[in-house]
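The values are calculated or read from the model by the stated rules, or taken from the named source; none is laboratory data. In this text, all values refer to a predicted model and were calculated from it rather than measured experimentally. With ideal geometry, Cβ positions are generated from the backbone for all residues, glycine too; neighbour counts draw on all protein chains shown. The accessibility values were calculated without ligands, DNA or RNA, using every heavy atom of the protein model including side chains. Shrake-Rupley method; radii C 1.70, N 1.55, O 1.52, S 1.80 Å.
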Amino acid sequence: MSEHFRVHGGARLAGEVDVVGAKNSVLKLMAAALLAEGTTTITNCPQILDVPYMADVLRSIGCEVSVDGDTVVITTPSELNHRPDAVSMGKLRASVCVLGPLVGRCRRAVVALPGGDAIGSRPLDMHQNGLRQLGATSEIEHGSVVAEAEGLHGAQIWLDFPSMGATENILMAAVLADGTTVIDNAAREPEIVDLCTMLQQMGAKIDGAGTSTLTVHGVTSLQPTEHRVIGDRIVGATWAFAAAITRGDITVRGVDPHHLDLVLDKLRTAGAEITVYDDKAFRVVMNERPKSVDFVTLPYPGFATDLQPFAIALCAVSDGTAMITENLFEARFRFIEEMMRLSADARTDGHHAVIRGVEKLSSAPVWASDIRAGAGLVLAGLCADGVTEVWDVFHIDRGYPEFVENMNRLGAQVERVAAAPSR
Ligand code: UD1
């Protein structure tokens, strides 16, 4: 039975919302637990579907994993199975992050190609090249990455692009390599810093976290640890956009506002009043119709591609015309087709989209194509006349804990309905 959300238009969202740990951090931290024999505890975990999916991947490698509320406990054995279950691997993108730890610990891995959001082609060439430079072989065979190494050694690695996944896999292989590895043009996202922090607690020697150059001095073994996941800046930004789009007033707690410096500056340009309280809370108030703002997606500290649907939803109801440029994932503009069902005035040309703001959107049935597109359609539905049905909401459940509950606490009227689709 497929579920959908009924989103009643015309809501103004106001109140406070607590944000828990970042999806794009916790799943990598769970993979990092493979690097040390013993019991690792991760707290402040979001209660989203991807966490139990990742737990299944780790169980298929030989770990014991318990998921209890916001705490995940992983017991890693001395001997790991180097071939995680392919079906579990296919349920999420972050499963690919077991590749680096498995090569580091077992010196070989047969890892089925991961699943995850259908947002464009997501090659693994940089992951593979990095492992090769560390001394492993790496080929795609029968739908899996097959990697083997006699031993791993330090290397100078230049990434073509600051890929999060490639940085994570190379980092997690390099911490147990012999000698020093330098990863240049590394990703700088706060989730990478979080992973470095946990690895350092485990005994890894890493310099340069949060910069484009990561230097890793290999060690012979790591110890398990206890670690608290950083707040989810993408979820925090979703609520920030929700305030701006619905001309509301939302205080977001649990996210470091400095991880959202550019986002909050864009919302300020759109007309919002922003108050930053400390390193864990901020408030977004919008008292007028937003003004259109241009957005360009780039790796951190640029504007996150995951927030692009919210930028489009905002500009769809703003005063003026905006250009949105997508530089990471070509299929993200599929979201615009759904926005046009809601009568958004939009057109795309390659990796640019031009959005002319309208006063009000018009409700319609729409389909979520990925996590953020799903959440973006709900935000857009809040600005439509009538009731918007958002289908395929399992995507939203993969990334947002208590999404409907939080929406309704803030004054929205969103209902989860189990029914067969109408097309
Ligand atoms: C992660 C996030 C995702 C976010 C993305 C960019 C997780 C689970 N997902 O995805 O939500 O949208 O970062 O911030 O953390 N690329 C290659 N070759 C490679 C690897 C990447 O060409 O070997 C390209 C990709 O096609 C894309 C760009 O590099 O155009 C960035 O991808 P990457 O940062 O690797 O994204 P993910 O880690 O998959």
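Points worth noting:
- Count of residues meeting criterion [closer than 23 Å to GLY115 by Cβ, assigned to a loop (DSSP other than H, G, I, E, B) and open to solvent by 10 Å² or more (accessible area, probe 1.4 Å)] in segment 360-385: 1
- Residue count, segment 147-165 (criterion: more than 16 Å from the ligand (Cβ to nearest atom) and within 28 Å of the chain's Cα centre (by Cα)): 1
- Qualifying residue in segment 120-133 (condition: touching an Asp or Glu at 6+ places or on another chain (Cβ under 7 Å), in a helix (DSSP H, G or I), of a type outside the set (Lys, Arg) and within 15 Å of the ligand (Cβ to nearest atom)): yes
- Selection within segment 327-352 - open to solvent by less than 80 Å² (accessible area, probe 1.4 Å), within 26 Å of the chain's Cα centre (by Cα) and charged (D, E, K, R): ARG332, GLU338
- Hey, ASP306 touching a Lys or Arg at 6+ places or on another chain (Cβ under 7 Å), surrounded by 24 or more Cβ atoms within 10 Å (Cβ to Cβ) and among the charged types (D, E, K, R) or not: yes
- Enumeration of residues in segment 306-327 that are free of Cβ contacts under 8 Å to residues at least 60 places away in the same chain and in contact with a helix residue (DSSP H, G or I) (Cβ under 7 Å, 6 or more places away or on another chain): ALA322, ILE324, GLU326
- Once segment 66-77 is narrowed to residues that are open to solvent by less than 10 Å² (accessible area, probe 1.4 Å) and closer than 15 Å to ALA36 by Cα, the residue that is nearest to the chain's Cα centre (by Cα) is ILE74.
- So SER66, is it among the hydroxyl-bearing types (Ser, Thr, Tyr) and in a loop (DSSP other than H, G, I, E, B): no
- Applying the set (1) within 16 Å of the ligand (Cβ to nearest atom); (2) surrounded by fewer than 16 Cβ atoms within 10 Å (Cβ to Cβ) to GLY38 leaves exactly one unmet item: (1).
- Residue match in segment 346-359 (condition: in contact with a helix residue (DSSP H, G or I) (Cβ under 9 Å, 6 or more places away or on another chain), within 16 Å of the ligand (Cβ to nearest atom) and not in a strand (DSSP E or B)): yes
- Residues satisfying the stated conditions in segment 195-205, i.e. in contact (Cβ under 8 Å) with a residue 12 or more places away in the chain and open to solvent by 10 Å² or more (accessible area, probe 1.4 Å): THR197, GLN201, GLY203, LYS205
- Complete set of residues in segment 309-326 that are closer than 18 Å to VAL263 by Cα and open to solvent by 60 Å² or more (accessible area, probe 1.4 Å): MET323
- Out of THR211, THR269, one residue alone is more than 21 Å from GLU191 (Cα to Cα), touching a residue at least 12 places away in the same chain (Cβ under 8 Å) and of a type in the set (Ser, Thr, Tyr). It is THR269.
- For segment 78-108, a tally of residues being more than 25 Å from the chain's Cα centre (by Cα) and open to solvent by less than 40 Å² (accessible area, probe 1.4 Å) returns 3.
- Of the residues making up segment 136-145, those that are open to solvent by less than 30 Å² (accessible area, probe 1.4 Å) and more than 12 Å from the ligand (Cβ to nearest atom) are ALA136, SER144.
- Filtered residues of segment 149-181 (kept if among the charged types (D, E, K, R) and surrounded by fewer than 17 Cβ atoms within 10 Å (Cβ to Cβ)): GLU150, ASP160, ASP178
- Hits in segment 15-44 - residues which are part of a strand (DSSP E or B) and within 20 Å of ARG93 (Cβ to Cβ): GLY21, ILE42
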